[in-house]
């Protein structure tokens, strides 16, 4: 197919596809007499995968390159790629720690211990969580920490469902791709679903009756 | 206090505090003979709140200003501010819809109907969710949608806990501030906890035994 069709089918604008090719994330076209455009289904799949990671998931180009290199290797390393995908997602604050940093770290350590989670020392998500807890303490809302356990329980259920779906697939490459997409898109799933549930609760509490019928 | 102390106690660098003041997000100092610096606890609280929304939560300065204006009004509107906070968080893709867009919208509509959620027509989180589902279909991982219901169930439990904690507070301003922080920081809570739970599962599956003791 031509690049215009690749763009139409993937939803990715042509200039961005060309950028991905220049950056080495997508292989160049291989034109033949039968297919002067030279883009095939592999190109389409690769463009869609990059779109999922970078445009939708907010991953950096550099991280996406690392993930794709691993994906293309004969024996992709699932844990390595998963770690990369996780590292790449959240830009973190480089502010100085506040007076509540140590207390926040204890809150998170206690939570991890209560869950029985087996974690690496340098888990970036742990730092992100400590910063969020620290910020909640800084702003004087320590009471909101009370239901951190509800969040952790939800995270445990989701992780079990995620891992169960990864286990049922076959090739190493398919497992890795599924793990990356599950990490990136799952973040959007839970984030947007939580906000929809909030909207539902807010409408019920503040505008009761509205939306139950066509007109009020 | 002086701006240097305001910076030290909030963890926010001095140039960024000055930027917030120039942008009208933080009131100017009110120096007196007793307090030549002229920054008080109100300034400290405001700087911490902006840090939570903008630096930690990724909200735009424009959205933060709208939220703070509402917060400063005599009768802050909880739903309006909540909506602003939600609108501000996620930058969405402006890519053309793919061939799977309509199917993705049906998946989300069915999910919302099954949950019995009462939503507005123009819910930004709904668009974000449809885009994530569309991307999962585009990349050929429709099977991962199977446990979207686990995510929705988790979101419902979290929203109930969030709303319960908002209900117990007193003044309208306190409710609004708690709702904004809960929305912004709660996003980081569930995102980072999910990743920690993933790390735990990945370590147990791929490196069993590691980390159970001091050495392997």
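Laboratory data are not the source of any read-out in this text; all were calculated from the coordinates shown. In this text, all values refer to a predicted model and were calculated from it rather than measured experimentally. We place every Cβ from the backbone using ideal geometry, glycine too, and count neighbours over all the protein chains shown.
At a threshold of 8 angstrom on Cα-Cα distance, excluding pairs fewer than six apart, so keeping six or more, what relative contact order does segment B:1-55 reach in percent? Intermediate results must be reported in sequence, preceding the final value.
Details: 46 pairs, mean separation 22.5, N = 55.
Across segment B:1-55, relative contact order equals 41 percent.
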Discussion item. Along the Cα→Cβ direction, 7 angstrom out, place labels at residue B:14 and residue B:2. What is the inter-label distance in nm?
Written reply: 0.8
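How long is the gain from residue A:42 to residue A:75 if the chain were fully straight, where each residue apart is worth 0.36 nm and the alpha carbon distance is subtracted?
10.0 nm
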Discussion item. If you rotate chain B onto chain A, whose Cβ in B ends up lying nearest the axis, and how many Å away is it?
Written reply: B:154, 2
Item to complete: Shortest first and in nm with one decimal, please list how far the residue A:62 label point sits from its counterparts in the other copies (point 7 Å along Cα→Cβ).
Response: 2.9
Worksheet, complete the sentence: Sorting from shortest, the nanometre distances separating the label point of residue A:30 (7 Å past Cα along the line to Cβ) from those of the same residue in the other copies are 7.3
Worksheet item: Taking a label point 7 Å from the Cα of residue B:160 along the Cα→Cβ vector, which residues of segment B:95-126 have an amide N closer than 15 Å to it?
Response: B:115-117
Worksheet, complete the sentence: With label points set 7 Å from each Cα along the Cα-to-Cβ direction at residue A:149 and residue B:113, the distance between them in nm comes to 3.9
Practice prompt. Would you please state the base-10 log of I(q)/I(0) at q = 0.14 1/Å for segment A:1-55, with intensities from the Debye formula using one equal scatterer on every alpha carbon?
Written response: -0.30
Fill in: Residue-span extension gain [residue B:106 to residue B:142] - 0.36 nm each, minus C-alpha spacing
11.6 nm
